[in-house]
1. Working carefully through the options Gly171, Gly165, find the one that is more than 15 Å from Asn231 (Cα to Cα) and surrounded by fewer than 18 Cβ atoms within 10 Å (Cβ to Cβ).
2. Could you tell me which of the residues Ile221, Ile198, Ile233 is of a type in the set (A, V, I, L, M), in contact (Cβ under 8 Å) with a residue 24 or more places away in the chain, in a loop (DSSP other than H, G, I, E, B) and on the phi < 0 side of the Ramachandran plot?
3. Going through region 140-156 one residue at a time, which ones are under 19 Å from Thr195 (Cα atoms) and among the basic types (Lys, Arg)?
4. Cβ contacts < 8 Å: first residue under 13 Å from Gly161 (Cβ atoms) and free of Cβ contacts under 8 Å to residues at least 40 places away in the same chain, restricted to region 120-142; second residue surrounded by 11 or more Cβ atoms within 10 Å (Cβ to Cβ) and polar (S, T, N, Q), any location; separation 6+ or different chain. Result?
5. What about Asn189, is it part of a loop (DSSP other than H, G, I, E, B), free of Cβ contacts under 8 Å to residues at least 60 places away in the same chain and of a type outside the set (Asp, Glu)?
6. Please indicate, with yes or no, whether at least one residue in region 206-213 is surrounded by fewer than 17 Cβ atoms within 10 Å (Cβ to Cβ), in contact (Cβ under 8 Å) with a residue 40 or more places away in the chain and not hydrophobic (A, V, I, L, M, F, W, C).
7. On the given criteria, is Ile241 β-branched (Val, Ile, Thr), part of a helix (DSSP H, G or I) and buried (at least 21 other Cβ atoms within 10 Å of the Cβ)?
8. Among the residues of region 110-140, which ones are surrounded by fewer than 16 Cβ atoms within 10 Å (Cβ to Cβ) and closer than 18 Å to Leu232 by Cβ?
Amino acid sequence: MLQEPRERQQPAGASGDERAESSGPLAPEPGTPLRSSRRGLGGVPPVEMKKRNKIQPCLSKPAFASLLRFHQFHPFLCAADFKNTASFYGSDKFDLPYGIRTSAEYFRLALSKLQSCDLFDEFDNVPCKKCVVVGNGGVLKNKTLGEKIDSYDVIIRMNNGPILGHEEEVGRRTTFRLFYPESVFSDPNHNDPNTTVILTAFKPLDLKWLWELLTGGKININGFWKKPALNLIYKPYQIRILDPFIIRTAAYELLHFPKVFPKNQVVHRKTLVLLRDDPRTS
């Protein structure tokens, strides 16, 4: 179940369009101490000071609801408050891909060039969405599930798994597409202006790569496991950056990865590749 953060409540005395209603807890002001309770952290993480569309939560809880430790969670980082969000979730104590500790400046640069961190379009207020994750395996071949896949409200795809030429098997629509520099489309024929693409950063170079592409800088391809895309077919309004807290939660709480890796960097990189490609993270 995907849920958009509620609007921030305006001060008392505001009237007309200046007042925004909110039925949920408010995000704390920057610097406000977070309260704790027996159930863990209270309140909600800070969200960027901007008007957001309201999406009411589903009355029936999905199967994975018990895995979510917070009342509200916004999956994408916002330029105005990503450091506060990282502090709230403890991501400032971890390096990539689990946090921002040594990469905060790269996050700041990349986020400064994006135009939005919203989850859905401002006019999208469907309260309870059906979601499907479409992998890139050959299991879909000749299954003619394209129409069924397109019937879902939210369609999530991975990396550069193609649609063109495979519509009957995999459908035509894409709501979200996760990617990293070595796996993103570079052919404009694959661009859908209605798709939101989500950078999953595994290393600081991934953020630097995005910033260089968005600013027209020269791309340094050193440090990537294969040549990254040298042009970006998506516009800044389509791009989001995934909160590393999601990757950390998937690794530690769902996949039960060890919290201390061997110093051998080859082993470390292989582990990250497994996390990236493991179908259980889809």
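Every number here is computed from the coordinates shown, using simple stated rules; none is lab data. Being a predicted model, the structure only gives us computed values, none of them experimental. As a convention, Cβ positions derive from the backbone with ideal geometry for all residues, glycine included, and neighbour counts pool all protein chains shown.
1. Gly165
2. Result of the check over Ile221, Ile198, Ile233: Ile233.
3. Lys148
4. Going by the 8 Å Cβ cut-off, the qualifying pairs are Asn136/Asn159.
5. So Asn189 does not fit the description; no.
6. no
7. Considered against the rule, which asks whether it is β-branched (Val, Ile, Thr), part of a helix (DSSP H, G or I) and buried (at least 21 other Cβ atoms within 10 Å of the Cβ), Ile241 comes out as no.
8. Listed by number, the residues that qualify are Ser112, Lys113, Gln115.
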